[in-house]
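Participant: Got a structure for you, questions after.
The values are calculated or read from the model by the stated rules, or taken from the named source; none is laboratory data. No experiment lies behind these values; they were computed from the predicted model shown. Neighbour counts are summed over all protein chains in view; Cβ atoms, including those assigned to glycine, are modelled from backbone coordinates with ideal geometry.
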Amino acid sequence: MVGLRVVVAAIAVVLLAAPARASIRKGPYVQDVQATSVDLRVEVDPPAPAHVELTPSPSAAPAPADSGASAQASDGGTRAVATKRVADDPSAPFHVLRFSGLVPATMYRYRVESGGVAAEGTFTTAPANDSSAPYSFLVYGDNRSDDVAHAAVVRAMAQVPSDFLVNTGDFVLDGSDASLWQRFFDIEGSLLRDRCLFPAVGNHELIEETATHYLRYFGEVAPPPATPSGARLFRTTRWGNARLFFLNGMDTFTSGEEADWLRAELKRSHDEPGIVWRIVVVHHGPWSSGPHGNNPRLLAAGAPDMFRDAGIDILFAGHDHMYERGENSGLKYIVSGGGGAPLYRVKDLAPGTLNAEATFHFVSVDVTPAAMKLTIRRADGSLIETCGFTKGGAWDCPSKTKPSGPAVAATPTAGASKPPPDAPTPSRCACAVPGANPSGVGPLFAALAAALAGALRRRFRHDGACRRSR
């Protein structure tokens, strides 16, 4: 018995003395991609510095001379080269590393290392503001609750090339629950590693009133200008010839900070050089044929007329867990809330509804200076519809479909069924270097475990012999 106690004590000493194995819990992933800058974000456990190496593609054009991502070449000129930066606070678990001075429309490779583990990814910067090159993005949202359906949508999206992603909100069921955010990143990790996600905040992120988790993972680093709380739940960004506005649909739009900001930004964008397309993204849109219906806050503020007068070309929303396309008050809109949340039946058709279906899905948007083309696919890859419009033109869809009434039912999607009650939750294993063996603890632990097993076998044999001799 003394021998067994010694072995157990030795194992405890080793485990307590050994440093915790480092892991990358979330990311790395790209955020706030612009023509000349990017944020790389990563969460590590335990807290440790994050080292990042950024490498432009060989064909990258020269970077500006004052760039943090450039260095002197051997010929005395300036060229884009690999660069490194260490997180400012090595004791923090979450790091945001900003790189500026990048080259527009250029692919970069990056490598993040922390605590002996590493992960790699790529991203492409936005085109220059005067670019006329085509680009594409994917729209999806309401990913909460059903991990299997969410994963099916993500797998389908991964097969479709795009320059960036737009999420219409409700990432998780409860924005205050850190474990749900971990599941979100477990499912979307490979997608977000290489494509920037521009978000609209959903009501489920706001269950935590300060939206701390949402702002940490997807908020602006330094919103200009800073608000009294230090952060805000609305923003605007530019991608080539498009200006996108991301709103907090749960706010009031008759007055207040967001209302004032929105009116000022819409006015500013009206004369912004090079802008062709103006897009609004809001979780709860003005109109919907689902059970949530129309957004009274937007309608009370006359937002549809304001959007139309400001030259908004299309509005993307979510909140109702379905797909819908329509036009009302001269404003085209899409409801895309089929990213994983429980599907809603189409309830009462909005006056401008042109198509609606309750199904897990995503929207692919291809943009040129003259037109937008939208391709809507279910999670199994099957086509719902393809529609488009020229600048200022009407919807143009090869198949003129429109639902016949409120009894449009939820459509089962292959590969997106609910898991059985006893199904395991998604793996939360950390990224690690294959074959890594921290501090040589593995072999020692194995030896001690073998010794413990041997001691237990001898003890049981001894106890059995004593019982038989009685």
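Participant: Just one of ALA35, ALA48 is assigned to a loop (DSSP other than H, G, I, E, B), assigned by TED's automatic domain parsing to the domain that holds LEU102 and at pLDDT 90 or above; which is it?
Facilitator: Values: ALA48 fails: at pLDDT 90 or above.
Exactly one residue qualifies, and that residue is ALA35.
Participant: Sort out which residues of region 165-181 are surrounded by 17 or more Cβ atoms within 10 Å (Cβ to Cβ), not in a strand (DSSP E or B) and not β-branched (Val, Ile, Thr), and write them in order of number.
Facilitator: First, pick out the residues of region 165-181 that are surrounded by 17 or more Cβ atoms within 10 Å (Cβ to Cβ): 165-172, 175-176, 180-181.
Then keep just the ones that are not in a strand (DSSP E or B); that gives 168-172, 175-176, 180-181.
Matches in region 165-181: GLY169, ASP170, PHE171, GLY175, SER176, LEU180, TRP181.
Participant: Restricting attention to region 196-219, which residues are among the hydroxyl-bearing types (Ser, Thr, Tyr) and within 26 Å of ALA158 (Cβ to Cβ)? Explain how you work it out, then say what you get.
Facilitator: Of all residues in region 196-219, those among the hydroxyl-bearing types (Ser, Thr, Tyr) come to 210, 212, 214, 217.
Hits for region 196-219 are TYR214, TYR217.
Participant: Right, another one. Quick one: count up the residues across region 162-183 that are under 27 Å from ILE279 (Cα atoms), out of contact with any strand residue (DSSP E or B) (no Cβ under 9 Å at 6 or more places or on another chain) and not acidic (Asp, Glu).
Facilitator: Residues meeting the conditions: 3.
Participant: Hey, among the residues in region 247-265 that are under 17 Å from GLY311 (Cβ atoms) and under 26 Å from the mean Cα position of the chain (by Cα), which one's surrounded by the most Cβ atoms within 10 Å (Cβ to Cβ)?
Facilitator: Within region 247-265, the first condition is being under 17 Å from GLY311 (Cβ atoms), and the residues that meet it are 247, 262-265.
Filter once more, so that each one left must be under 26 Å from the mean Cα position of the chain (by Cα): 247, 262, 265.
Values: LEU247: 27, LEU262: 23, GLU265: 17.
That would be LEU247.
Participant: Output the residues belonging to region 315-330 that are surrounded by fewer than 22 Cβ atoms within 10 Å (Cβ to Cβ) and either outside the structural domain of GLY381 (by TED's automatic domain parsing) or not polar (S, T, N, Q) (or both). Don't jump to the end; show me each part of the working.
Facilitator: Looking only at region 315-330, we keep the residues that are surrounded by fewer than 22 Cβ atoms within 10 Å (Cβ to Cβ), and these are 327-330.
Once the filter is applied, which keeps residues that are surrounded by fewer than 22 Cβ atoms within 10 Å (Cβ to Cβ) and either outside the structural domain of GLY381 (by TED's automatic domain parsing) or not polar (S, T, N, Q) (or both), region 315-330 yields GLU327, GLY330.
Participant: In addition: Residues in region 280-288: is at least one assigned by TED's automatic domain parsing to the domain that holds LEU165 and either within 23 Å of ALA370 (Cβ to Cβ) or in contact with a Cys (Cβ under 9 Å, 6 or more places away or on another chain) (or both)? Quick ask: steps written out before the conclusion?
Facilitator: Step one: of region 280-288, the residues assigned by TED's automatic domain parsing to the domain that holds LEU165 are 280-288.
With either within 23 Å of ALA370 (Cβ to Cβ) or in contact with a Cys (Cβ under 9 Å, 6 or more places away or on another chain) (or both) added as a condition, the list becomes 280-281.
Yes, there is a match, as at least one residue in region 280-288 is assigned by TED's automatic domain parsing to the domain that holds LEU165 and either within 23 Å of ALA370 (Cβ to Cβ) or in contact with a Cys (Cβ under 9 Å, 6 or more places away or on another chain) (or both).
Participant: Now for a different question. Can you pull out every residue in region 299-333 that is within 24 Å of ASN143 (Cα to Cα) and charged (D, E, K, R)?
Facilitator: Looking only at region 299-333, we keep the residues that are within 24 Å of ASN143 (Cα to Cα), and these are 314-326, 332-333.
The answer is ASP320, GLU324, ARG325, LYS332.
Participant: Does VAL221 count as among the β-branched types (Val, Ile, Thr), modelled with pLDDT under 95 and either surrounded by fewer than 22 Cβ atoms within 10 Å (Cβ to Cβ) or touching a helix residue (DSSP H, G or I) at 6+ places or on another chain (Cβ under 6 Å) (or both)?
Facilitator: Values: among the β-branched types (Val, Ile, Thr): yes; modelled with pLDDT under 95: yes; either surrounded by fewer than 22 Cβ atoms within 10 Å (Cβ to Cβ) or touching a helix residue (DSSP H, G or I) at 6+ places or on another chain (Cβ under 6 Å) (or both): yes.
Here the answer is yes, as VAL221 does meet what is asked.
Participant: If only one of SER255, SER269 is among the hydroxyl-bearing types (Ser, Thr, Tyr) and part of a loop (DSSP other than H, G, I, E, B), which one is it?
Facilitator: Details: SER269 fails: part of a loop (DSSP other than H, G, I, E, B).
That would be SER255, the only listed residue that is among the hydroxyl-bearing types (Ser, Thr, Tyr) and part of a loop (DSSP other than H, G, I, E, B).
Participant: Further question: Filter region 105-161 down to the residues that are polar (S, T, N, Q) and within 21 Å of ASP186 (Cα to Cα), then identify the one that is modelled with the lowest pLDDT. First the steps, then the outcome.
Facilitator: Let us first name the residues in region 105-161 that are polar (S, T, N, Q), namely 106, 114, 122, 124-125, 129, 131-132, 136, 143, 145, 159.
Next, only the ones that are within 21 Å of ASP186 (Cα to Cα) stay: 114, 122, 143, 145, 159.
Numbers: SER114: 86, THR122: 96, ASN143: 97, SER145: 95, GLN159: 97.
Across region 105-161, the extreme among qualifying residues is SER114.
Participant: For region 93-132, which strands (runs of 3 or more DSSP E) that fit wholly inside it have 3 or more residues that are in contact with a helix residue (DSSP H, G or I) (Cβ under 9 Å, 6 or more places away or on another chain) and crowded, with 17+ Cβ neighbours inside 10 Å? Let's see the steps before the verdict.
Facilitator: Details: elements: 94-99, 107-114, 117-124.
Ranges flagged: 117-124.
Participant: Something else now. Quick check on PHE234: is it under 18 Å from ASN203 (Cβ atoms), of a type in the set (A, V, I, L, M, F, W, C) and surrounded by 15 or more Cβ atoms within 10 Å (Cβ to Cβ)? I'd like the intermediate steps shown before the answer.
Facilitator: Values: under 18 Å from ASN203 (Cβ atoms): yes; of a type in the set (A, V, I, L, M, F, W, C): yes; surrounded by 15 or more Cβ atoms within 10 Å (Cβ to Cβ): yes.
Criteria met by PHE234.
Participant: Do you know which of the residues in region 390-410 that are farther than 11 Å from ARG325 by Cβ and hydrophobic (A, V, I, L, M, F, W, C) is modelled with the lowest pLDDT?
Facilitator: Initial filter on region 390-410 (farther than 11 Å from ARG325 by Cβ): 390-394, 396, 398-400, 404-410.
From what is left, the residues that are hydrophobic (A, V, I, L, M, F, W, C) are 394, 407-410.
Details: ALA394: 95, ALA407: 40, VAL408: 46, ALA409: 45, ALA410: 43.
Looking at the filtered set, the residue picked out is ALA407.
Participant: Give all pairs with beta carbons closer than 6 Å in which a residue from region 278-294 that is over 30 Å from ASN241 (Cα atoms) meets a residue that is surrounded by fewer than 24 Cβ atoms within 10 Å (Cβ to Cβ); count only pairs at least 6 apart in sequence or on separate chains.
Facilitator: Between residues of region 278-294 that are over 30 Å from ASN241 (Cα atoms) and residues that are surrounded by fewer than 24 Cβ atoms within 10 Å (Cβ to Cβ), the close pairs are SER289/LEU349; SER289/ALA350; SER289/THR353; GLY290/TYR344; GLY290/LYS347; PRO291/TYR344; PRO291/LYS347.
Yes/no matrix, rows are residues, columns are (1) farther than 30 Å from ALA128 by Cα; (2) of a type outside the set (Lys, Arg); (3) assigned to a helix (DSSP H, G or I):
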| site | (1), (2), (3) |
| --- | --- |
| ASP251 | yes, yes, no |
| ILE275 | no, yes, no |
| HIS284 | yes, yes, no |
| GLY293 | yes, yes, no |
| PHE307 | no, yes, yes |
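Participant: Considering ARG216, ARG263, ARG232, which residue is modelled with pLDDT under 95 and part of a helix (DSSP H, G or I)?
Facilitator: Values: ARG263 fails: modelled with pLDDT under 95; ARG232 fails: part of a helix (DSSP H, G or I).
Testing whether each residue is modelled with pLDDT under 95 and part of a helix (DSSP H, G or I) leaves just ARG216.
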